[in-house]
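Nothing in this text is a laboratory measurement; each read-out follows from the coordinates by a stated rule. Because the structure is a prediction, the values reported are computed rather than measured. Cβ sites come from the backbone with ideal geometry, for glycine too, and all protein chains shown count toward neighbours.
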Amino acid sequence: MAPPHRFEVVSNAASKENAMLLALESMMADWEETRLSTTPYRETGVKILTSVEGVQLLLEDHITKTQTMKGSPFVKPHEGTAGIQ
């Protein structure tokens, strides 16, 4: 039987991997709920994005979180999720 501290190491790693997966799922859910607003640009027939401040803040926050995750040794099982490589 493995020593008790070995179980603790495996349990801690699994907990951190699960926390990372939950964070990824939360970020993906944020984007599913995000709606982009558009408005016609003059009389060109082209639509442009409006009210992008909230989207930009969310994007910057998720970029920071993703970069932090990429540096973690616990990201390996989730590298394919949401394009993290």
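How about the chain: which GluC sites (Glu not before Pro) there lie in a loop by DSSP and see at most 14 other Cβ atoms within 10 Å? Could you put the intermediate results ahead of the total?
Numbers: sites: E8, E17, E25, E32, E33, E43, E53, E60, E79; in loops: E43, E79.
Those that pass, being in a loop and sparsely packed, are E43, E79.
Once both labels are modelled 7 Å past Cα along the beta-carbon direction, what's the S11-L49 spacing in nm?
Once both label points are built, they end up 4.5 nm from each other.
Please list, by residue number, every one of the trypsin sites (Lys or Arg not before Pro) in the chain that is coil in DSSP and has at most 14 other beta-carbon atoms within 10 Å.
Working: sites: R6, K16, R35, R42, K47, K65, K70; in loops: R35, R42.
In loop regions of the chain (DSSP not H, G, I, E or B), the sparsely surrounded trypsin sites (Lys or Arg not before Pro) are R35, R42.
Pulled fully out, how much extra length does the chain show between L58 and A19, if you take 0.36 nm times their separation in residues and subtract their Cα-Cα distance? Spell out each step's value before the answer.
Values: separation 39, 0.36 × 39 = 14.04 nm, distance 1.97 nm.
Extra length available between L58 and A19 comes to 12.1 nm.
Check segment 4-79 and count each lysine pair with an alpha-carbon distance under 30 angstrom, considering only pairs eight or more places apart or from different chains. Provide the component values of the computation, followed by the final result.
Values: K16/K65; K16/K70; K16/K76; K65/K76.
Lysine pairs meeting both conditions in segment 4-79 amount to 4.
How much space per residue, in cubic angstrom, does the convex hull of the C-alpha atoms of segment 4-79 take up? Don't jump to the answer; show the numbers that get you there.
Working: hull volume 7.6 nm³, N = 76.
With only Cα atoms used, segment 4-79 gives 99 Å³ per residue.
Given Cα pairs under 8 Å that are at least 6 residues apart, what percent is the relative contact order of the chain? Display every interim value, and only then the final one.
Values: 40 pairs, mean separation 25.4, N = 85.
The normalised contact order for the chain reaches 30 percent.
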